[in-house]
Amino acid sequence: MADSARIHSVQVLQEVKAALLDFVKEASLAITSVDSDVQRTGLWLTTDRPTHWKHEVRKQEEAVEAAKAEIRRKELAAFPNPADTVLERKALKRAKDRLEQANVKRDRVRKWVATWERESMAFKGGCAPLNEILHRDIPQAISRLEKMMASLEEYFRMAAPSTDGAANGLNAASASMARTQDDADAPNDDRPGDLRRFIPMPEERVLEPTIELPPLEWNAGTPSAEDQRVLARLDVAGTHPPTDQTLAVSWRATRLDKVYLVRLDPVIGGGSRDSGWYIGPVEDPRTIGGTRVCTIREVLDRVPSLAPLLSCNIGTLAVLQRGSIKNVLDPHDRELWITPV
Amino acid sequence: MSVQVAKTNLLDAVKVLNERWERAKQVWEDQAARDFQTQVIEQIEPKVRAAIKGFDQVGELILLVRRECGDDYLS
């Protein structure tokens, strides 16, 4: 199960990364495309248009002069009679109209040349926040995802089921500890103290994840108020560890309805915040499926009624099944629990 | 690519991103995912909207400039 969770989690981060990269590509292309249009328009305005309309104005001035000259030529030719210059005057009017339009267009080009730079800057300014997202925030987010993926890979590599201690980087002795147990040694309900043989080695109980994992799964139920009251009166009752300390729980145990909780001497040093608590599966206790290290706070947030159990002294071992406490052993494996009636 | 095509492509890109994020959220749903949504994903769309507004404005200006400064005479 840990494997499927691992693949699932890393895959989803990879998919988010791919989605962001695709978005950056498409959005950058869109911005670049419009920016190119803006630049092309600016270039057209500043280099092509002034020349074009200067030439057009001159051309239309010449057309006006030519039309006037044609009228004069016809008038002279007809002198002293009046000349028929209707067509020539229409041509003159059209030439004058076109000259006026050319002048208007030349003025508009001048106006746009003066303002285009400002419009271009305004466009760039409007796109700046998106550009920042594309070229700063998203790359940072992708870097964050990559770190999370690396952490997740590393965490699951370390917390993988102990079927190959050397491969998963765990202490070979600790990884093989459970494997070497003979089935005949497997504990049964009459000998819960035997569960102590299946406690993972210290390094497996203190390796904290570097990223946030999904909320703790818990299927062993919550002790009843009566069980909690009885528990508080036992000889092993003490104070529960600070909530920022950690405990280790077998991944497999999180999915089972019967678990054991045992408090060991805390692992000290190397930045450990270990409280000494370990929670493992009662059935097939050698198969722990890796360990998840979480804070006491996380556990109590998920199962508040575990507080009295977690307050038991070092050496205590308790078995919990579907919220019902089955056993409480003192450090000498003496049964202290009598199921409340 | 015209401004209109670029606009369509950008809107499609953010839509696809949001769809892919919604799918990812169904699997990745811890606090880190919620932080990622707030700090990254939700920051994108407002910026895209602002850029699209810029696309629209500059697109209209380009059309206006082409019309006002183009080769055509009225007659």
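No value in this document is a laboratory result; all are computed from the given coordinates. The shown structure was predicted, so the numbers you read here are calculated from the model rather than taken from an experiment. Backbone-built Cβ (ideal geometry, glycine too); neighbour counts: all protein chains shown.
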Any idea what angle helix B:42-69 forms with the longest principal axis of chain B, computed on alpha-carbon atoms, 0 to 90 degrees, nearest 10? 10 degrees
Under 15 Å, Cβ to Cβ, from residue A:218 - net charge with Lys/Arg +1 and Asp/Glu -1: +3
Per DSSP, loop trypsin sites (Lys or Arg not before Pro) in the range A:225-288 with at most 14 further Cβ within 10 Å: A:233
Computed for the range A:45-123: size of charge dipole around the Cα centre, +1 on C-beta of each Lys and Arg, -1 on C-beta of each Asp and Glu, debye to nearest 20, value 80 debye
Ratio of Rg to Rh for the range B:11-67, alpha carbon only, Kirkwood? 1.23
Residues in the range A:15-59 near a label at residue B:8, defined as backbone nitrogen under 15 Å from the 7 Å Cα→Cβ point? A:30
Rough spin-label spacing in nm, given labels placed 7 Å along Cα→Cβ, for residue B:26 and residue A:140: 3.2 nm
Net length gained if the chain between residue A:239 and residue A:59 were fully extended (0.36 nm per residue, minus Cα distance): 54.7 nm
Within 11 Å, Cβ to Cβ, of residue B:39, how many net charges do the neighbouring residues add up to if Lys/Arg are +1 and Asp/Glu are -1? -1
Extending each Cα 7 Å along its Cβ direction at residue A:132 and residue A:117, get the distance between those two points in nm, one decimal. 2.5 nm
Pick out, from A:332, A:155, A:116, the residue whose Cα sits farthest towards the positive end of the charge dipole of the protein assembly as shown, with +1 on the Cβ of Lys and Arg and -1 on the Cβ of Asp and Glu. A:116
Under a 10 Å cutoff between Cα atoms, tell me which one of A:143, A:275, A:250 has the largest fluctuation in the Gaussian network model of chain A. A:143
Which of the residue pairs A:54/A:90; A:54/A:74; A:54/A:105 have a Cα-Cα distance greater than 21 Å in the structure shown? A:54/A:90; A:54/A:74
So, R0 is 45 Å and r is the distance between the beta-carbons of residue A:333 and residue A:11; what FRET efficiency does that work out to, to 0.05? 0.50
So, in nm, how far is label residue A:29 from label residue A:219 when the simple model puts each one 7 Å beyond its Cα toward the Cβ? 4.6 nm
With a Förster radius of 51 Å, plug the Cβ-Cβ distance of residue A:72 and residue B:68 into 1/(1 + (r/R0)^6) and report the FRET value to the nearest 0.05. 0.90
Around residue B:11, what is the net charge, scoring Lys/Arg as +1 and Asp/Glu as -1 over all other residues with Cβ under 11 Å from its Cβ? 0
Which translational diffusion coefficient, to the nearest whole µm²/s, is obtained for the range A:215-341 from the Stokes-Einstein equation, given a Kirkwood hydrodynamic radius over C-alpha pairs, 25 °C and 0.890 mPa s? 171 µm²/s
If I stretch the segment between residue A:86 and residue A:300 completely, what's the gain in nm (0.36 nm per residue apart, minus their alpha carbon distance), one decimal? 66.7 nm
Say R0 is 60 Å: what FRET efficiency, to the nearest 0.05, do residue A:36 and residue A:313 get from their beta-carbon distance? 0.20
Under 10 Å, Cα contacts only: if you run a Gaussian network model on chain A, which one of A:122, A:220, A:318 comes out with the highest mean-square fluctuation? A:122
Filter chain A for me: DSSP H helices, axial length by Cα at least 15 angstrom, mean Kyte-Doolittle hydropathy not below -0.5. List them by residue number. A:2-43, A:138-159
Share of Cα-Cα pairs in the protein assembly as shown beyond 29 Å, whole percent, is 64 percent
